[in-house]
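Comments concern the structure below.
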Amino acid sequence: MTNRSVPLSTPAADAVAAATGEPLIVLTGVNKHFGDLHVLRDIDLTVAKGEVVVVLGPSGSGKSTLCRAINRLETYESGSITIDGMPLPEEGAALARLRADVGMVFQAFNLFAHKTILQNVTLGPIKVRGRSKAQAEKRAIELLTRVGVEQQAHKYPAQLSGGQQQRVAIARSLAMEPKAMLFDEPTSALDPEMINEVLDVMGQLAQEGMTMIVVTHEMGFARRAADRVIFMSDGQVLEQAPPEEFFNHPTTERAKDFLGKIL
Ligand code: ADP
Ligand code: MG
């Protein structure tokens with residue numbers, strides 16, 4: 001269903017970087033509270049260029065807060081986060097560029113309801129990246145073709161299925177030419193028959209060398225696509241390991257308990 005001849009991203013540089021393990025996203029000693037609740041506890045995490053990290057953990061363990069902190073949708077009290085060696089900007093045009101550099105796809109599709117699919121994908125590149133309308137539209141059509149929704153370009157989000165909307169959301173992020181993509185349970189709101197069409201696009205992106213952090217309960221995807229699995233519980237990273245090692249030999253009781261419930 002997707003057109004595999006057109007790459008989603010520009011993979012060559014990332015793929016080379018993955019081999020060198022050059023860090024792209026670095027969290028050091030990050031702590032965050034909501035009132036009395038300590039939701040991120042001394043998080044140290046380095047994601048290399050081209051690496052795919054799947055974040056697992058029970059509901060309420062801090063997975064969404066972690067993603068939101070990296071995109072500065074949440075503040076934090078201590079520690080540091082850098083993207084490509086630069087600290088997260090606080091506000092203004094620099095913050096808009098950060099959010100273009102680190103695309104985020106949420107559980108809810110979050111498309112602009114009163115804009116067409118094509119406008120959804122061209123708006124950011126024109127506003128934040130300074131592209132001409134013609135350039136932005138050309139690239140948008142390529143990306144929409146690639147994720148298999150080019151026929152829908154002139155429709156509005158409500159006219160598309162959930163799976164189509166989520167593929168548009170991915171195309172919209174990719175149109176910004178991000179250095180990394182964050183996915184926070186991107187298939188959790190989808191009807192079962194639409195989950196794979198979204199996971200396929202994400203898997204393809206991973207193969208092309210995109211740096212990705214993916215929060216998901218799709219264990220098949222984690223096994224197939226992850227370079228590393230991170231298990232969070234109560235705001236802490238309790239385990240990190242390659243997927244086969246994590247799934248076959250979890251070391252903590254909490255991870256064993258979690259896997260016992262979902263597998
Ligand atoms: P997960 O994504 O792993 O389910 P979250 O990061 O959403 O976990 O939430 C971690 C904890 O922080 C939960 O206990 C949640 O209820 C709490 N929390 C999340 N967002 C807020 C908020 N805006 N205000 C207060 N508490 C919050
Ligand atoms: Mg969450």
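The values are calculated or read from the model by the stated rules, or taken from the named source; none is laboratory data. All of these numbers come straight from a predicted model, not from anything done at the bench. Neighbour counts run over all protein chains shown; Cβ positions are idealised from the backbone, glycine included. Surface areas here come from the heavy atoms of the whole protein model, side chains and all, with no ligands, DNA or RNA. Shrake-Rupley method; radii C 1.70, N 1.55, O 1.52, S 1.80 Å.
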Could you rank the peptides 219-232, 107-120, 244-257, 50-63 by their average count of other C-beta atoms within 10 Å per residue, with the highest value first?
-> 50-63, 219-232, 107-120, 244-257
Debye calc, one equal point scatterer per Cα of the chain, no solvent, log10 I(q)/I(0) at q = 0.10, 0.14, 0.17 1/Å comes to -0.48, -0.97, -1.41
Long-range HN-HN contacts of Val214 with modeled amide H, under 5 Å = Val53, Val54, Val55, Phe183
With the 8 Å Cα cutoff and a minimum separation of six or more residues, the range 167-263 has a relative contact order in percent of 20 percent
Which entries in the list Lys63/Lys155; Lys63/Lys261; Lys32/Lys256; Lys32/Lys115; Lys49/Lys138 go over 29 Å, if you measure between the two C-alpha atoms of each?
-> Lys63/Lys155; Lys32/Lys115
Under a GNM of the chain (C-alpha, springs under 10 Å), which listed residue has the highest mean-square fluctuation: Met176, Met86, Met212?
-> Met86
Per residue, how many Å² of accessible area does the range 204-252 show with a 1.4 Å probe?
-> 39 Å²
What percentage of the solvent-accessible surface of the chain, computed with a 1.4 Å probe over protein heavy atoms, is contributed by carbon and sulfur atoms?
-> 50 percent
State in Å² the accessible area per residue of the range 71-182; use a 1.4 Å probe, count heavy atoms of protein chains only, and round to the nearest integer.
-> 46 Å²
